[in-house]
Amino acid sequence: MWIFLIILILIISGALTIPAIIQESQYNFNFDSYRQLLGKVESNNDYEAVNKSSGALGRYQFIPETLDYLRQKFSLDDWINANEFLHNHNLQDKYLQAFIKDNRDSIISKGLNVYLGETIKGRLLYPELTAKLNWYGLHAGSHLGGVTGLQRFLVSNIDADDRHAAISDYCVYFSSKLS
């Protein structure tokens with residue numbers, strides 16, 4: 001009885017949500033598989049890659065503003081400068097883990113996990129590819145376009161792109177390659 005009351009109080013206070021409880025048991029995600037594929041797609045697994053047009057850094061192509069945000073939110077090691085970040089593989093993996101956690105929490109809080117299992121189709125890179133959306137696709141789509149961009153795509157079919165790939169392309173490719 002006490003457990004029920006405690007859970008009820010947490011739900012009423014907003015500290016705990018029913019979808020979060022349900023989704024936690026359904027979160028099937030292998031970090032190593034995801035980071036291997038993401039690294040391949042983003043930089044051909046080059047920890048020292050720098051995108052000259054966007055300023056994105058490292059194996060997972062993080063923009064410096066994202067690194068600053070993650071460092072502050074999760075009290076991560078200060079990456080000090082781009083050169084140090086590019087030469088520290090463990091630090092890049094640590095930031096990717098924080099990024100995934102942050103995106104996962106945002107995806108759940110926005111209710112985007114209700115789209116799991118929906119059939120999606122690529123647009124620019126993979127126009128002939130379809131797949132059932134899974135957590136890998138959700139994370140990849142949010143990696144390319146942010147959680148807000150992912151939300152626009154899933155809710156309104158506004159498929160943002162970076163002139164090379166669309167959010168739908170990342171969602172369908174990662175959902176089809178990892179399950």
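In table form, for the structure just shown:
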read-out: Among residues of segment 42-88, those that are touching a strand residue (DSSP E or B) at 6+ places or on another chain (Cβ under 7 Å) and among the acidic types (Asp, Glu), counted; value: 0
read-out: Out of Tyr60, Tyr69, Tyr47, sole residue that is in a loop (DSSP other than H, G, I, E, B) and farther than 18 Å from Ala165 by Cβ; value: Tyr47
read-out: Selection status of Asn103, buried (at least 16 other Cβ atoms within 10 Å of the Cβ) and over 21 Å from Gly145 (Cα atoms); value: no
read-out: Flag for Gly141 being out of contact with any Asp or Glu (no Cβ under 6 Å at 6 or more places or on another chain) and modelled with pLDDT of 95 or more; value: yes
read-out: Subset of segment 89-117 [in a loop (DSSP other than H, G, I, E, B) and either under 18 Å from Asn30 (Cβ atoms) or touching a Leu at 6+ places or on another chain (Cβ under 7 Å) (or both)]; value: Leu116, Gly117
read-out: Residue in segment 104-119 that is at positive phi, at pLDDT below 95 and not hydroxyl-bearing (Ser, Thr, Tyr) present; value: no
read-out: Any hit, segment 69-85, residues being closer than 26 Å to Leu154 by Cβ, at pLDDT below 95 and of a type in the set (Val, Ile, Thr); value: no
read-out: Members of segment 158-174 that are on the phi > 0 side of the Ramachandran plot and either touching a helix residue (DSSP H, G or I) at 6+ places or on another chain (Cβ under 9 Å) or of a type in the set (Val, Ile, Thr) (or both); value: none
read-out: Segment 116-146: number of residues that are surrounded by 19 or more Cβ atoms within 10 Å (Cβ to Cβ) and out of contact with any Gly (no Cβ under 9 Å at 6 or more places or on another chain); value: 11
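The values are calculated or read from the model by the stated rules, or taken from the named source; none is laboratory data. Note that the structure is a prediction, hence the values are computed from the model and not measured. All Cβ positions, glycine included, derive from the backbone under ideal geometry; neighbour counts span all protein chains shown.
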